[in-house]
Amino acid sequence: MSERIAARSLNNPWRVAGHYFFLVLLALICLTPIWVMISTSLKDQITIFDGKPIWFFFVPTIENYQDVMGAGKFDKYLWNSIIVATVSTFLTLLLGGLCAYSLARAEFKGRRFVANATLLVRMVPPAVLAVPAFSMVLAFNLRSDLMVLIFFYTALNLPFAIWLLFGFYKQIPVELEEAAIVDGASPLQVFFKVLLPLMKSGYAVAGIFTFRIAWNEFVLALLLTGRNTRTLPVAVSGYLTDTGVEWGRIMAMGTLIVIPPLLFTFFAARQIIAGMTAGAVKG
Amino acid sequence: MANAAISANSSEPSAPDGDRSVAKAPRDYRNIAPYFFIAPAVFVMLVGLVYPVFDSLYLSFFDWKIGEPFSKADNVGFTNYLRMFSDPDVWESIWVTFRFGFWTITLEMFLGVTLALMLEKPIRGASIFRTIFILPLMVSPVVVGLIWRYLFDARVGWINYYLGIWFGIEPQVWLGDAELAFFAIVFTDIWQWTPFIFIIVIAGLQALPSEVLEASRIDGANWWQQIFLVKLPMISSILVIALLMRLIDVFRALEVMYIMTGGGPGRATELLSLHIYNRAFDAQLLGYASAIAVLLIVIVTVLSAGILIIGNPMKDKSDV
């Protein structure tokens, strides 16, 4: 809509009110299930199994959190999740950054092929990885080794990270690097001293997406971890038993799992949206 | 490889003139450096993504069950493929996947585009709302599955409660009935992914040059004409890419259904990815599951090629 029409219509208080009405309605639709989880995690068994939804006015209890966090190996699973997500994010940014830099800047034989192949392997479904990953782990006897998960998460995340960082590198003028090279800087110096400072926001976006995937991933984690190497998403699925679903504990653990992604959302929404739209809008 | 790079590069007309003498110097690392830079990432992707694809192809020719060493598995030729094409369960799973894809993508595109057109105007506080809208996308799929499994629960679920209070509808066993369970996973997917379409489309709309819209208005285009003859055609490539991305996601989806229904009742909600997983680790037929995985790879590759052709961000046109 042209700016003049937009300006005119925004002067109409009814239209503004309608606009906000829809925005609030959509926001409530997005938030309600998340609030259901958080509020349920703070209710006791009796309140939950009463079956009558109580939105706000219940007596909150932290017993679900105490149960979940006190149970056996919670600390270990939390630690596993943190290690797997941070290490694979670090590796993805390091390797992906170098690769994207090269693809964006250097002319070399095979460049286009690597660029296209990277985009193609991005689409490999996790279900396809399941059996081969399982058989690799059997063959090398690596079951219950966190390194395996870290490796596969890095592989899964690299294509998107390379794709995203490629776009960010393209936006930096080449002249900056050429000047550094003329001054006698090596490629590594150019990369770390000239480009990296300018790439902060690019790496932030790629890092958030990578961390989120690694933190949330479930299928490979379910297959490739053992009693001591479970991550939180695998651990929470263990509370779904045939005999009885302990909703309070499940929601408490779900809430704990969702904390890092929610923090990212609130502190870096703009970057996340940039990353989401980069593929479609700029392409 | 390095030699090829040097020869390719020294004949490269686009290389800056000053580089030409440098390129001939024997100590020049700039020609080989790119390969060192991409090597680690390429290695990880080859082992972690490409090798598994070919391994699936290889394993699909074996009758390999969980628990027996691979060395004892029989090479059965194309038996798995013949079985797959005559297996009603595989066809049912493909049918479920397409049905799921049709309903989710149609409704998500319709809702996402409509809402984006309605709410594209910049307004105070828009960034807060946008932050809230991406929340469903950030929540772990496992947790999404758990939340909606609770909401759809037959006994304590909120959905049954409000349907009873507001509409007098008897409590339903949502996840235990084939049609209702299918509805439930479609509903959940729409909740999670409509914001994605919305955000992408609104970004595309706001990036449209205002001159074009102004011109069309001066030419007398009304509100509908502006939408259908100007705006939507101008963001058509965005719409197609968003659609293809969602389509590929439908073939990758697994976790939400695994948590909500496990694919049941029967195979009513067993999308192709989940079917492969269940065949491999529930029925324990690793070779047969690999054959179905090959089918999935073919489908996804065709769809991905579509994205590559329509909107490859790394294609040379954008290499300015």
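The values are calculated or read from the model by the stated rules, or taken from the named source; none is laboratory data. Every value quoted in this text rests on a predicted model; they were computed, and no experiment measured them. With ideal geometry, Cβ positions are generated from the backbone for all residues, glycine too; neighbour counts draw on all protein chains shown. Note: accessible area is taken over every heavy atom of the protein model, side chains too, but ligands, DNA and RNA are not part of it. Shrake-Rupley method; radii C 1.70, N 1.55, O 1.52, S 1.80 Å.
General remarks:
- Just one of (1) within 11 Å of chain B (Cβ to nearest Cβ); (2) touching a Phe, Trp or Tyr at 6+ places or on another chain (Cβ under 6 Å) fails for A:M37. It is (2).
- Each residue in the range B:226-259 was checked for being over 25 Å from B:I307 (Cα atoms) and more than 10 Å from chain A (Cβ to nearest Cβ), and 1 pass.
- Residues that are open to solvent by 10 Å² or more (accessible area, probe 1.4 Å) and hydroxyl-bearing (S, T, Y) were ranked within the range B:169-211; the one that is modelled with the highest pLDDT is B:T194.
- Test: residue in the range B:156-178 that is in contact with a Ser or Thr (Cβ under 8 Å, 6 or more places away or on another chain) and facing chain A (nearest Cβ under 9 Å): no
- Residue within the range A:119-134 that is modelled with pLDDT under 85, open to solvent by less than 30 Å² (accessible area, probe 1.4 Å), within 21 Å of the chain's Cα centre (by Cα) and facing chain B (nearest Cβ under 7 Å) present: yes
- Taking each residue of the range A:94-122 that is more than 18 Å from B:I309 (Cβ to Cβ) and looking for partners that are open to solvent by less than 20 Å² (accessible area, probe 1.4 Å) and acidic (D, E) with beta-carbon atoms closer than 9 Å, six or more apart or interchain, yields A:R105/A:E177.
- Among the criteria (1) touching a Gly at 6+ places or on another chain (Cβ under 6 Å); (2) at pLDDT below 90; (3) within 26 Å of B:P195 (Cα to Cα), the one A:M37 does not fulfil is (2).
- All positions within the range B:134-146 that are open to solvent by 10 Å² or more (accessible area, probe 1.4 Å) and modelled with pLDDT under 90: none
- In the range B:57-80, of all residues being buried (at least 18 other Cβ atoms within 10 Å of the Cβ) and assigned to a helix (DSSP H, G or I), the one that is modelled with the highest pLDDT corresponds to B:L59.
- Considering B:N9, B:N3, the condition of being modelled with pLDDT under 80, crowded, with 19+ Cβ neighbours inside 10 Å, part of a helix (DSSP H, G or I) and not assigned by TED's automatic domain parsing to the domain that holds B:V300 is satisfied by B:N9 alone.
- The set of residues in the range A:40-62 that are modelled with pLDDT under 85, open to solvent by less than 80 Å² (accessible area, probe 1.4 Å) and not in a loop (DSSP other than H, G, I, E, B) comprises A:T47, A:I48, A:F49.
- Odd one out for B:T269 among (1) facing chain A (nearest Cβ under 8 Å); (2) within 17 Å of B:F182 (Cα to Cα); (3) polar (S, T, N, Q): (1)
- Which listed residue, of B:R83, B:R130, B:R149, is modelled with pLDDT under 90, crowded, with 20+ Cβ neighbours inside 10 Å, part of a helix (DSSP H, G or I) and of a type in the set (K, R): B:R130
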